Amino acid sequence: MKIIAVVFALAVAVSGLPHDPVLTKLDSGLRHQYVEGADGLPVLADLWVKTSDVAEAARYNPLVHNQYHLFTAANPQVSQPLLNGNTALLEASNFNASLQTAVLIHGFQDTVISPFNSVVVAAYIQEDVNVIVVDWSTGASGLYTSAVLNTPTSGIAVASFIAWLSDASGASLDTFHVVGHGLGGHQAGIVGRNLGGQIGYITALDPAFTGWVTNDNKFQPDDGVYTEVVHTSAGLSGYLADLGQVDFYPNGGVDMPGCITQDCDHARSFHYFAESLVSGGFTGNRCSSYLTAMLGQCYIRGTLQMGGRDPKPGNEGIYYFRTYARPPFSRD
């Protein structure tokens, strides 16, 4: 009878333990926050990392699951697959080591055919350039918390792929331009960091805000030779404060002209960037801080063009410019 009592007491004690214990917190703020899903609608995310989140993230192996799609002027619509370590496949492709290579990294719940990729690829291949679209949708799908956890591991794998591609083809790392949107914006920085800051040009387009304020893996100014960030939904879908060597806050970084949804604001970053690849424009006025940029009160001497195909090493600071509500967006 005494043994039965002890067993019963242990059962009660175990049942009192949390079924899915919390391991850490992505943010110091509210536990549940809304993030933007693939369809543009808000998704309620739990920013407390639980055992189940880690288990879900562990099922993603970027060395196996990530895919790399090459587009060039010779194959602008149908991609050619590239595999890390497969030199024969590389040699049979249209990859040209003498050209600039753009590497595109999508965001949360996006895929290889997401608007970010389709818009930017179409702009890039109007001239001779290698465009490699990274499909890390296996790691970017599911719960937001798990996607945040998968962002650094995918970034390490993409860095490994670029290192192999550079060695196998002879393409110099300073001819690479890594461009990421949302979670992909931070991942672009992680890629550069894992290549010793040698990537010539890194652009983060409205890098994610939720889960990244105190995250050590967020985008950093020295992730590449030249780093640039474009904020179009600052403090909402996109990061609030400056992150790169150069940060642009179009229209103050929030509420883009012509947009009535947060999803539209978030997407404007890659639409502005794509237009800059084709026609330039978007000349920013220098600001004293990101707060004055958000207010549009920028009177410091100096201007700089946003985006474009070529990096602008040696420049730094925060810039503001205005756009039209419809394309062409540039007022220049």
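Summary of computed values
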quantity: Sole residue being closer than 23 Å to Val120 by Cα, assigned to a helix (DSSP H, G or I) and touching a Ser or Thr at 6+ places or on another chain (Cβ under 8 Å), chosen from Gly192, Gly180; calculated: Gly192
quantity: Among the candidates Gly308, Gly284, residue that is without any contact (Cβ under 8 Å) to a residue 40 or more places away in the chain and within 21 Å of the chain's Cα centre (by Cα); calculated: Gly308
quantity: Residues (of a type in the set (Gly, Ala, Ser) and in a strand (DSSP E or B)) located in region 60-90; calculated: Ser79
quantity: Considering residues of region 278-289 that are of a type outside the set (S, T, N, Q) and surrounded by fewer than 21 Cβ atoms within 10 Å (Cβ to Cβ) only, the residue modelled with the lowest pLDDT; calculated: Gly281
quantity: Of the criteria (1) within 15 Å of the chain's Cα centre (by Cα); (2) on the phi > 0 side of the Ramachandran plot, which one His181 fails; calculated: (2)
quantity: Residue within region 132-139 that is at pLDDT below 95 and among the charged types (D, E, K, R) present; calculated: no
quantity: Criterion violated by Ser114 - all others in (1) farther than 21 Å from Ser137 by Cβ; (2) crowded, with 19+ Cβ neighbours inside 10 Å satisfied; calculated: (1)
quantity: Complete set of residues in region 232-244 that are over 22 Å from Tyr124 (Cβ atoms), in contact with a strand residue (DSSP E or B) (Cβ under 9 Å, 6 or more places away or on another chain) and in a loop (DSSP other than H, G, I, E, B); calculated: Ser233, Leu236, Ser237, Tyr239, Leu240, Ala241, Asp242, Leu243
quantity: Test: residue in region 279-292 that is assigned to a loop (DSSP other than H, G, I, E, B) and on the phi < 0 side of the Ramachandran plot; calculated: yes
quantity: Residue that is of a type in the set (A, V, I, L, M), modelled with pLDDT of 95 or more, in contact with a helix residue (DSSP H, G or I) (Cβ under 9 Å, 6 or more places away or on another chain) and crowded, with 24+ Cβ neighbours inside 10 Å, where the choices are Val230, Val225; calculated: Val230
quantity: Enumeration of residues in region 279-328 that are β-branched (Val, Ile, Thr) and more than 22 Å from Asp222 (Cα to Cα); calculated: Thr283, Thr292, Ile300, Thr323
quantity: Out of Asp265, Asp247, sole residue that is within 18 Å of Ser330 (Cβ to Cβ), of a type in the set (Asp, Glu) and either outside any loop (DSSP other than H, G, I, E, B) or over 16 Å from the mean Cα position of the chain (by Cα) (or both); calculated: Asp265
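This table checks each residue for (1) of a type in the set (S, T, N, Q); (2) out of contact with any Phe, Trp or Tyr (no Cβ under 7 Å at 6 or more places or on another chain); (3) in a loop (DSSP other than H, G, I, E, B).
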{"residue": "Ser276", "(1), (2), (3)": "yes, no, no"}
{"residue": "Ile300", "(1), (2), (3)": "no, yes, yes"}
{"residue": "Gly307", "(1), (2), (3)": "no, no, yes"}
{"residue": "Lys312", "(1), (2), (3)": "no, no, yes"}
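The values are calculated or read from the model by the stated rules, or taken from the named source; none is laboratory data. Computed from a predicted model, the values in this text were never measured in an experiment. Counting neighbours? That spans all protein chains shown, and the Cβs are built from the backbone with ideal geometry, glycine included.
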